[in-house]
1. Can you give the helix-only mean residue ellipticity at 222 nm for the chain, where every DSSP H stretch with n ≥ 4 adds -39500 (n - 2.57) and the sum goes over all residues, rounded to the nearest 500 deg cm²/dmol?
2. Can you give the angle from 0 to 90° between the axis of helix 148-165 and the longest principal axis of the chain, with both taken from C-alpha atoms, to the nearest 10?
3. As a test of reading the structure, rank S263, S85, S244, S52 by solvent-accessible area (1.4 Å probe, protein chains only), most first.
4. Given a Förster distance of 35 Å, report the FRET efficiency between H44 and E184 from their Cβ-Cβ distance, rounded to the nearest 0.05.
5. Any idea of the accessible area per residue across the chain, 1.4 Å probe, to the nearest Å²?
6. Calculate what fraction, in whole %, of the accessible area of the chain sits on carbon and sulfur atoms when a 1.4 Å probe is rolled over the protein chains.
7. Roughly how much of W39 is accessible, in Å² to the nearest 10, using a 1.4 Å probe?
8. Put K221, K96, K45 in order of accessible area, largest first, 1.4 Å probe: what do you get?
Amino acid sequence: MQPQLMPVPFYEDIVVLVDRENEPYVAMKPIVTNIGLNWDIQRHKVVDRFGSVAVEMTATGGDGKQYNMTCLPLRKLPAWLYSISPNKVTLELRDKVIRYQEECDDALWDYWTKGNATRRGNNSINQQIALSRHRVALLEKLLKSRDNTLRGALHEQLTMVSKQLGLSVPALEAIGKGLPPVPEIVNDFWAALELLDRLGERYNHAGSMSGTIALNYPHLKLLFKKHRISFRFTAELRQALSVSPQPKFLEYKVLYSRIEDKSVRCWVFEGPIRPELYVLT
């Protein structure tokens, strides 16, 4: 029997229980995003620390769609929650992290043992109110957000909550507007720079401590030629990089080069490069 998703209201958030052969598991991505942490980083931590019990599973949501999820047994959730130090998160997230540490596993266990067993598919009035508020909050976040990955995750939650309430699901395209897709040539370019990093080459003329990436194309051409990296600096690439969202293009200007010890003209981007976004082939 395929696992089933069970959205559970927790204050202003929704967390997700997964019924796997009558055992409670917790979908980790909703909790991670609810408390404002980076899912990619936390997923690696979950797999590393709880590899013997963490599972990847495909479950059916209330909308009938299939969802791939990284899940922990509910009994292991406190161990992961208490691995997060409230003193190491931003001040606005601190109280929320503490609330999750102190109450979330109990709330989920109560729902599993009391609420779900007797009211599956039939929420209490308080749950209905919490779900309705969360649905409105998700719609507001979707309307404001332009990050396509975040928008996709928010829309998944909106779909589950809407179906739980028996309401229609607005199309993602009808709620706000995401960023245009990044041309593949941009991904190839940043992947090539990540390869230069691995080869130990210096290409950032602003210096590693500046918080920016300053690129001089003639210098990059020499480095690519040196390492036989096939790449052309075309007008299409320049246009695409001028709207690059990550790293974000800032300006084109003359600056002092930490590499050449003189002033050079550079394209300047927000740093650092996030190599996990780019695939080297």
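The values are calculated or read from the model by the stated rules, or taken from the named source; none is laboratory data. Because the structure is a prediction, the values reported are computed rather than measured. With ideal geometry, Cβ positions are generated from the backbone for all residues, glycine too; neighbour counts draw on all protein chains shown. Accessible surface is based on the protein model in full, side chains and every heavy atom, while ligands, DNA and RNA are left aside. Shrake-Rupley method; radii C 1.70, N 1.55, O 1.52, S 1.80 Å.
1. -12000 deg cm²/dmol
2. It is inclined by approximately 10 degrees.
3. Output order, biggest surface exposure first: S52, S263, S85, S244.
4. That pair, H44 with E184, gives E of 0.85.
5. 57 Å²
6. C and S atoms contribute 50 percent here.
7. Roughly 40 Å² of W39 is accessible to a 1.4 Å probe.
8. Final ranking, largest accessible area leading: K221, K45, K96.
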